[in-house]
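Working notes, beginning with the structure itself.
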Amino acid sequence: MPNNPYLPQVATVLEVIAETPDIKSFRLRLDDEAAHAALRFEPGQAGQLSLFGAGEATFAISSPPSRKEYLQFSVLRAGEVTTALHGLMPGDKVGVRAPLGNHFPYDDMKGKDIILVGGGIGMAPLRPLLLFMLDNRDDYGKISLLYGARSPGDLAYMGEIREWMARGDLSVTLTIDREVPEWPHEVGLVPQALDKLSPSPANAVAITCGPPGMIKYVLQTLKKLKFADGQIYTTLEKRMKCGVGICGRCNIGDKYVCIDGPVFTQAQLTGMLNEL
Amino acid sequence: MDAKFISRGQLPEWLRSLAARFAVLAPARAGSSVIYRPVDPEAPPRQPELAVKPTESAKRALFPLSEALLTFVKNQPDGKPGLELRETPPPRPCLVFGLPSCDARGFLVFDPVYAGSGTAGKFQDNYYLRRREQAVLIVKTCPRPLSTCFCNWVGGGPASTEGADVLATELKDGLVLEALTGKGARVLDSALLRPAADEQLTAAAQSRAASEAAMPPPVDISGCARALRGKFDSAGFWQGHSAGCLSCGACTCLCPTCYCFDLSDEERGSRGVRLRSWDSCMLPLFTQETGGHNPRAAKAARLRNRISHKFSFYPDLHPSLPGQDGHIACCGCGRCIRSCPSAVDIRRIVTEALGTAAEGAE
Ligand SMILES: Cc1cc2nc3c(=O)[nH]c(=O)nc-3n(C[C@H](O)[C@H](O)[C@H](O)COP(=O)(O)OP(=O)(O)OC[C@H]3O[C@@H](n4cnc5c(N)ncnc54)[C@H](O)[C@@H]3O)c2cc1C
Ligand code: SF4
Ligand code: SF4
Ligand code: FES
């Protein structure tokens, strides 16, 4: 990040991937080649993406650090800035402030069984973590991914997920909210699918990202399955502006989600003030 | 350091001369309010309004209501997509004349946040820091406290010099100006000022002592950080105190220590500016998330955040001396009490939190 934390770096859109009817992934490269080469980030970190004129919004970096050619953000069309971003074409220019915030402590997770639980756009921060773990497969025990969305068409990264399903060293479970003809996978909400899978908490960690409603029930299910608070990781979404701990917007008590987060363990959240 | 005297008659002329070197702000009447207005070196000299405490704080001097952080140009001349970003050049150094001591102490709350200390981020905001470094603050001793003043509860006083460069004290016929810093001494180096005589210095010291004596004794609020943490989940406490709140944001707007901001773009054609503007945690949109969820949808939750930030979260992040409470992010200026249309009183909230906390497990 440059000396001025509010000054984005100019980047060019290399590729736009329509993941679902309302999620697009944007692969970007910083125009300053030296800056791009110097870019260092970790799975779970976020960035601020600017479409000047429309404004700036916060997104998880959805590409892993090992794919050095580009920086990817996956954007759910939700409001003003995200709708404007959905109009981007290859060659267009954006501003990027990244990386911001903390990351998943993948070193602490070494040697453990990994359970990733994602819902909707919540797959965005999980994707780089999973790819990182697959790149370092021997460091981790069993890896399972449970991913849910409203309907089959709302599941992002499907091309890749099919490849993951073909691998023998990773178990993938997909679920959709309501039954559709010829859907070969699970049907039902993510917490229910998790209950059915009923992963063992022994030497395991669970990492969950998704809409607040889903997270709430996933946490309840994990508790029921006897996961301790220290074994559960999640990311928080708060409305953010500066992303650097100054504008005062994203606090929970004396913690700022933009710099102290977005990744927290459930044990940390239990110790924080109750203002989610 | 230097001590000078300026007669009341020469004061406007001196301010005009300073305006050649600085963007000078001085208190001026605006209807029933007193606000900080730029001193125009071309306009006829005007006496600053020194009899009444300014309605607003002086924070706009270092933290403008709205400022362009960047300018952007989107399209290249050939129409191809482009993006050129330019940082706004540093503004002229600023001088504030006649701010009350609480306003100068207010900037002590901004300083560590904008310097990135005390947080995990360590990001520096040079827009603020540059202004701060160059600014000259001429604080004026408060002659008598208002019923809403409580600066002495939070480490201040009517003649506190913390954060200031010059201390001005009014005498009958003019002001004694005492330099507190090198920057302060340099602005006192003017032919319009003469060295203060011993009697004038004595009179100024007496006036300051009288101001301090006029302050009611402080209420001890040590332990407030813990007490407010203990009150966090007491819904009734916060609902009671916020019942009349209109979510107007007057309190945060006038407050010398409220530093929250918004970022937004303004565009015409293919060029525009990214603006930083004051924002307020008392407004419901402040934390409204796009998915519809709002962690502070209720005004009780917003008031709780404003008070707890000042008297609990901020002190926890910015400890002062070991064993003492941290730096309280309120300088006791009383503006939020005075200007609140529904009489929300920050002092009462803090003392009641302490009072009930004392009955508890202590
Ligand atoms: C750490 C983090 C990671 C995230 N990761 C992702 C991700 O990977 N992918 C993704 O798609 N999303 C992600 N999000 C969510 C994303 O940031 C929001 O969806 C995005 O900011 C929405 O912006 P918008 O302008 O489209 O929405 P809008 O709803 O138009 O605007 C955003 C907010 O501004 C408010 N607002 C609108 N108008 C005004 C106004 N006039 N005045 C004041 N406020 C107003 C709205 O209430 C809304 O809360 C993440 C968020 C965080 C905090
Ligand atoms: S000034 Fe009073 S009414 Fe207005 S937002 Fe502040 S507390 Fe509420
Ligand atoms: S909180 Fe109220 S009394 Fe304290 S500094 Fe702000 S306006 Fe003044
Ligand atoms: S987004 Fe500004 S403080 Fe966190």
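The values are calculated or read from the model by the stated rules, or taken from the named source; none is laboratory data. Here the structure is a predicted model, which is why all the values come from computation and not from measurement. Quick reminder, even Gly has a Cβ in these numbers, built from the backbone with ideal geometry, and neighbours come from all protein chains shown.
Hey, can you tell me all the residues within region B:330-349 that are more than 10 Å from ligand 2 (Cβ to nearest atom), closer than 25 Å to B:G236 by Cβ and in a loop (DSSP other than H, G, I, E, B)?
B:C330
How many of the residues in region A:84-124 are in a loop (DSSP other than H, G, I, E, B) and either under 19 Å from A:Q9 (Cα atoms) or small (G, A, S) (or both)?
8
One residue is enough: does region B:305-317 have a residue meeting the conditions in a loop (DSSP other than H, G, I, E, B), away from ligand 1 (no atom under 15 Å from the Cβ) and without any contact (Cβ under 8 Å) to a residue 40 or more places away in the chain?
So far as region B:305-317 goes, no, none of its residues is in a loop (DSSP other than H, G, I, E, B), away from ligand 1 (no atom under 15 Å from the Cβ) and without any contact (Cβ under 8 Å) to a residue 40 or more places away in the chain.
Looking at B:A209, B:A213, B:A205, B:A225, can you tell me which residue is within 25 Å of B:C149 (Cβ to Cβ), of a type outside the set (K, R) and within 16 Å of ligand 3 (Cβ to nearest atom)?
Exactly one residue qualifies, and that residue is B:A225.
Filter region B:232-277 down to residues that are away from ligand 1 (no atom under 16 Å from the Cβ) and over 30 Å from A:N274 (Cα atoms) and give me whichever is nearest to the chain's Cα centre (by Cα).
Among those that are away from ligand 1 (no atom under 16 Å from the Cβ) and over 30 Å from A:N274 (Cα atoms), it is B:V273.
Take the residues in region B:320-329 that are away from chain A (no Cβ under 14 Å) and either under 22 Å from B:A104 (Cα atoms) or buried (at least 20 other Cβ atoms within 10 Å of the Cβ) (or both), then tell me which one is farthest from ligand 2 (Cβ to nearest atom).
Across region B:320-329, the extreme among qualifying residues is B:L321.
Can you name the residue in region B:134-159 that is more than 13 Å from ligand 3 (Cβ to nearest atom) and within 18 Å of B:R335 (Cβ to Cβ) and, of all such residues, is surrounded by the most Cβ atoms within 10 Å (Cβ to Cβ)?
Only one residue tops the list, namely B:V139.
Can you tell me which residues in region B:271-319 are away from ligand 2 (no atom under 16 Å from the Cβ), of a type in the set (S, T, Y) and crowded, with 16+ Cβ neighbours inside 10 Å?
B:S312, B:Y314
Somewhere in region A:7-16, is a residue in contact (Cβ under 8 Å) with a residue 12 or more places away in the chain, within 14 Å of chain B (Cβ to nearest Cβ) and among the charged types (D, E, K, R)?
No, because not a single residue in region A:7-16 is in contact (Cβ under 8 Å) with a residue 12 or more places away in the chain, within 14 Å of chain B (Cβ to nearest Cβ) and among the charged types (D, E, K, R).
For region B:171-185, which residues satisfy the criterion of being out of contact with any strand residue (DSSP E or B) (no Cβ under 7 Å at 6 or more places or on another chain) and either modelled with pLDDT of 95 or more or among the hydrophobic types (A, V, I, L, M, F, W, C) (or both)?
B:L171, B:T181, B:G182
Do the conditions hold for B:G291, that is, is it small (G, A, S) and more than 16 Å from ligand 3 (Cβ to nearest atom)?
So B:G291 passes the test.
Taking B:A28 as the residue in question, decide whether it is within 30 Å of B:R276 (Cβ to Cβ), touching a Pro at 6+ places or on another chain (Cβ under 6 Å) and free of Cβ contacts under 8 Å to residues at least 24 places away in the same chain.
no
Can you tell me which residues in region B:265-295 are in a loop (DSSP other than H, G, I, E, B) and either within 30 Å of B:A61 (Cα to Cα) or of a type in the set (D, E) (or both)?
B:D279, B:S280, B:C281, B:M282, B:L283, B:Q288, B:E289
Pairs please, first residue from region B:138-150 and within 18 Å of B:P217 (Cα to Cα) and without any contact (Cβ under 8 Å) to a residue 40 or more places away in the chain, second anywhere and within 16 Å of ligand 1 (Cβ to nearest atom) and part of a loop (DSSP other than H, G, I, E, B), Cβ atoms under 6 Å, 6+ apart in sequence or on different chains.
none
In the list B:G236, B:G240, which residue meets the criterion of being within 16 Å of ligand 2 (Cβ to nearest atom) and more than 25 Å from B:V136 (Cα to Cα)?
Result: B:G240 is the single residue among B:G236, B:G240 that is within 16 Å of ligand 2 (Cβ to nearest atom) and more than 25 Å from B:V136 (Cα to Cα).
Got a sec? Which strands (runs of 3 or more DSSP E) wholly within region B:31-128 have at least 1 residues that are within 16 Å of ligand 3 (Cβ to nearest atom) and modelled with pLDDT of 90 or more?
Here the list reads B:33-38, B:94-100.
I need the helices (runs of 4 or more DSSP H) fully contained in region B:164-233, keeping only those with at least 3 residues that are of a type in the set (S, T, N, Q) and surrounded by 16 or more Cβ atoms within 10 Å (Cβ to Cβ).
Per the criteria, B:198-214.
How about region A:204-216: which of its residues are at pLDDT below 95 and farther than 14 Å from A:M123 by Cα?
A:G213, A:K216
Taking interchain pairs and intrachain pairs at least six residues apart, which have beta carbon atoms under 7 angstrom, with the first residue in region A:130-156 and farther than 22 Å from A:I215 by Cβ and the second loosely packed, with under 15 Cβ neighbours inside 10 Å and of a type in the set (D, E, K, R)?
The qualifying pairs are A:R137/A:D169; A:D139/A:K110; A:Y140/A:K110.
Got a sec? Which of B:P77, B:P93, B:P45 is more than 12 Å from every other protein chain (Cβ to nearest Cβ), more than 26 Å from B:T161 (Cα to Cα) and surrounded by 15 or more Cβ atoms within 10 Å (Cβ to Cβ)?
From the options B:P77, B:P93, B:P45, the qualifying one is B:P45.
Is region A:24-45 home to any residue that is out of contact with any helix residue (DSSP H, G or I) (no Cβ under 7 Å at 6 or more places or on another chain), assigned to a strand (DSSP E or B), within 16 Å of ligand 4 (Cβ to nearest atom) and not aromatic (F, W, Y)?
no
Among (1) free of Cβ contacts under 8 Å to residues at least 40 places away in the same chain; (2) farther than 22 Å from B:S101 by Cα; (3) more than 16 Å from ligand 4 (Cβ to nearest atom); (4) away from chain A (no Cβ under 11 Å), there is one condition B:E266 misses while meeting the rest; what is its number?
The number of the failed condition is (4).
Go through region A:173-193 residue by residue and tally those that are over 18 Å from A:L222 (Cα atoms) and either part of a loop (DSSP other than H, G, I, E, B) or of a type in the set (V, I, T) (or both).
Final tally of qualifying residues: 11.
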